[in-house]
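Reviewing the structure listed below.
The values are calculated or read from the model by the stated rules, or taken from the named source; none is laboratory data. In this text, all values refer to a predicted model and were calculated from it rather than measured experimentally. Note that each Cβ is placed from the backbone with ideal geometry, even for glycine, and that neighbours are counted across all protein chains shown. Heads up: the accessible areas ignore ligands, DNA and RNA and are worked out on the full protein's heavy atoms, side chains in. Shrake-Rupley method; radii C 1.70, N 1.55, O 1.52, S 1.80 Å.
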Amino acid sequence: MGPIFRLSPSILSADFTKLGEQIRTLESVHTPWLHFDVMDGQFVPPVSFGEVVLRSIRPATKMFLDVHLMVTEPDRFIEPYAKAGADMFTVHAEACVHLDRTLQHIHESGMKAGVALNPATPLSVLDYVLDKVDMVLIMTVNPGYGGQKYITAMTEKIRALRKKLDEAGYPDLPIEVDGGINEKTINTVLEAGASVIVAGSAVFKGDIGKNAEKLMESLAIWESAN
Ligand code: DX5
Ligand code: ZN
């Protein structure tokens, strides 16, 4: 069957004076996922937004809410996000002293569990937790800011992870990529084995509906050809 193909626009690049309207535009073009970049000012320098924002969006959309925790000790946030209605809760391996236990807690709360890796973090941190992981997020920029440039060395990392997952018996486990993905870089990451595509500035700068449709078309073309 293979992994799912999805576009997950990051609201970090949204215009917050029009957030509801911009989410409705994404819904109108049938964008399946929505990506929430949660930053605590410690794991990464900026502070972004928290579960209060997700709670107010939850009743307004059926989109799958994909939460990326760029925070230290993400366990603190499992319960609040589960209550607020998050679907996927992705923690950074670098931020978890007890990653195995954190993944169990996420599942116990009823959410799906993702693990994110910074560009310099080796894939081997996943070796003994794969059976508890629903998605791996490969950071293709250093986390903290939208609008950065794709780190080209990450193409090989995605490829190596896809191979590792296939060989370990997880051919359906999706790889999400985050940072610097646009019309130019999307085919590179798809070809390397990614299937869930986060895009912030490439969706929210300019015509949001058209941008999302274009990226989803690239996904559909790739999916039908492979
Ligand atoms: C980076 C965030 C990303 C960011 C991506 O720290 O995790 O989700 O919003 O933004 P673009 O797509 O503009 O690189
Ligand atoms: Zn993100």
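Structure data summary
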item	result
Selected residue [under 30 Å from PRO46 (Cβ atoms) and charged (D, E, K, R)] from GLU167, GLU183	GLU183
Lone qualifier among SER195, SER224 - being of a type in the set (Ser, Thr, Tyr) and either open to solvent by less than 20 Å² (accessible area, probe 1.4 Å) or in contact (Cβ under 8 Å) with a residue 40 or more places away in the chain (or both)	SER195
Of all residues in segment 44-72 being of a type outside the set (A, V, I, L, M, F, W, C) and open to solvent by less than 30 Å² (accessible area, probe 1.4 Å), the one that is farthest from ligand 2 (Cβ to nearest atom)	THR61
Where a residue in segment 66-83 is closer than 14 Å to ALA113 by Cα and of a type in the set (Val, Ile, Thr) and its partner, wherever it lies, is modelled with pLDDT of 95 or more and open to solvent by 30 Å² or more (accessible area, probe 1.4 Å), with Cβ under 6 Å and at least six apart	ILE78/HIS105; ILE78/SER109
Members of segment 104-142 that are away from ligand 2 (no atom under 16 Å from the Cβ), outside any loop (DSSP other than H, G, I, E, B) and either touching a residue at least 40 places away in the same chain (Cβ under 8 Å) or touching a Cys at 6+ places or on another chain (Cβ under 6 Å) (or both)	LEU123, LEU130
Answer from LEU173, LEU161, LEU190, LEU219 - the residue that is open to solvent by less than 20 Å² (accessible area, probe 1.4 Å), in a loop (DSSP other than H, G, I, E, B) and at pLDDT 95 or above	LEU173
